[in-house]
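Okay, so here's the structure we're looking at.
All of the numbers you see were taken from the coordinates with simple rules; none came from a lab. Since the structure is predicted, the reported quantities are computational estimates derived from the model, not experimental observations. Cβ placement follows ideal geometry from the backbone for every residue including glycine, while neighbour counts extend to all protein chains displayed.
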Amino acid sequence: MNYNLNTTLLLISTSLNILFLLFVILIISRKGGIFYIKNKILTIGKKNIQNNLNINSYYKHKKSQFEILPRSNDYIVFLGDSITDEGEWVELLGNSNIVNRGISGDTTRRILNRLDAIVRIKPKQIFIMVGINDFVNEKKSIEEVLSQYKIILEELQAQTPQTQVFLQSVLPVNNNLTYIFEDNQKLIQFNSRLQKLAAQFNYQYIDVFSSLADAENQLDARYTTDGLHLNGKAYLVWKDVVKKYVALTFSSVYKEENSLYN
């Protein structure tokens with residue numbers, strides 16, 4: 001008798017579990033299936049990374065502006081920190097579809113915090129450079145920065161899969177002008193890992209580091225006054241490195257033969 005009762009209870013329990021599992025599968029299926037689960041995981045990771053952000057008024061004002069500006073699928077987004085922020089990309093590249101979405105002081109965490117305003121555009125291309133402030137201001141390890149960078153890329157791939165994404169190397173610093181690193185070996189190692197991360201997502205990696213470094217892998221003194229940020233000559237070098245990747249949607253007002261660069 002006890003055996004039959006236990007068997008019956010086991011069958012009822014198993015049946016209820018199967019019914020519950022089928023119900024969960026049905027709910028998930030209606031919400032988008034595997035994509036829904038992946039999106040939930042990304043959201044949890046995003047929320048965890050957003051904790052304790054060092055957000056100042058400049059960041060808040062720029063972020064709020066980016067959220068209300070017009071959107072276009074033809075936009076080419078330059079995304080990053082102050083090094084991107086300071087570039088006059090429309091004029092440098094002669095392309096009126098470029099929009100500058102750099103914010104001074106940005107880190108991988110802060111970019112993730114404002115990524116929604118980027119993915120809503122569904123831009124044609126995104127050129128991203130970020131990481132130096134993670135190392136300098138937040139004292140992050142290479143593994144920590146890559147982990148946060150990966151979440152950014154997962155979000156881009158999930159939310160705007162048609163966008164061409166370009167990962168630009170972190171730039172060297174000149175430690176004779178600013179002492180923020182013992183040397184640039186950490187940045188070199190990071191860039192090597194970043195190139196592999198780009199390959200995992202089938203995104204293009206662009207090496208800008210080498211074009212701005214001197215023989216000692218320092219930021220060439222010709223290109224900076226403070227050892228970290230760039231002068232006009234440096235932006236012209238950077239422009240020459242990336243221009244072959246930028247979508248050919250040139251405005252008639254700007255041309256590659258512009259006398260400014262001749």
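Which of the aspartates and glutamates could a cross-linker span from LYS244 if the Cα-Cα distance has to be under 16 Å and same-chain partners fewer than 8 positions apart are dropped?
Of all the aspartates and glutamates, those that pass the test against LYS244 - Cα under 16 Å, at least 8 places apart if same chain - are GLU91, ASP207, GLU256, GLU257.
Suppose each label sits 7 Å from its Cα in the direction of the beta carbon; what would the VAL119-ASP226 distance come out to in nanometres?
For VAL119 paired with ASP226, the spin-label model returns 3.2 nm.
Answer with one residue from ILE98, PRO123, ALA213: the one whose Cα lies farthest towards the positive end of the charge dipole of segment 59-248, charges on Cβ with Lys, Arg +1 and Asp, Glu -1.
PRO123
Once each part is reduced to its C-alpha centroid, what is the distance from segment 183-210 to segment 109-155 in angstrom?
Segment 183-210 and segment 109-155 have Cα centres separated by 14 Å.
Classify segment 125-217 as rounded, prolate or oblate, taking a ≥ b ≥ c as the square roots of the eigenvalues of its Cα gyration tensor: rounded when a/c is under 1.5, otherwise prolate if a/b is larger than b/c and oblate if not.
prolate
Pull out the extension gain between SER192 and ASN73, defined as 0.36 nm times the separation in residues minus the alpha carbon to alpha carbon distance; nm, one decimal.
39.7 nm
Filter the cross-link list LYS124/LYS186; LYS140/LYS243; LYS122/LYS186; LYS62/LYS239; LYS196/LYS239 down to pairs whose alpha-carbon distance in this structure exceeds 26 Å.
On the way: LYS124/LYS186 32 Å; LYS140/LYS243 31 Å; LYS122/LYS186 33 Å; LYS62/LYS239 24 Å; LYS196/LYS239 23 Å.
Among LYS124/LYS186; LYS140/LYS243; LYS122/LYS186; LYS62/LYS239; LYS196/LYS239, the Cα-Cα distance tops 26 Å for LYS124/LYS186; LYS140/LYS243; LYS122/LYS186.
Take the Cα of THR178, step 7 Å along the line toward its Cβ, and report every residue of segment 230-245 whose backbone nitrogen sits under 20 Å from that point.
Backbone N within reach: 230-239.
Between rounded, prolate and oblate, where does segment 208-252 land on the alpha carbon gyration tensor, with a ≥ b ≥ c its root eigenvalues, rounded for a/c under 1.5, else prolate if a/b exceeds b/c?
Note, shape of segment 208-252 comes out prolate.
Using label points projected 7 Å from each Cα along Cα→Cβ, tell me how many nm separate ALA215 and ASN137, to one decimal.
The two pseudo-label positions are separated by 3.6 nm.
How large is log10 I(q)/I(0) at q = 0.13, 0.19 Å⁻¹ when the Debye formula is applied to the Cα atoms of segment 59-248, each weighted equally and without solvent?
At q = 0.13, 0.19 Å⁻¹ the computed log10 ratios are -0.63, -1.45.
Most exposed first by the Cβ proxy, i.e. fewest other Cβ within 10 Å, how do SER72, SER96 rank?
Lowest to highest Cβ neighbour count: SER72, SER96.
Reachable aspartates and glutamates from LYS63, Cα under 12 Å, same-chain residues fewer than 8 places away excluded?
ASP106, ASP116
Under a cut-off of 15 Å between alpha-carbon atoms, report the aspartates and glutamates in cross-link reach of LYS150, not counting same-chain residues fewer than 8 places apart.
ASP134
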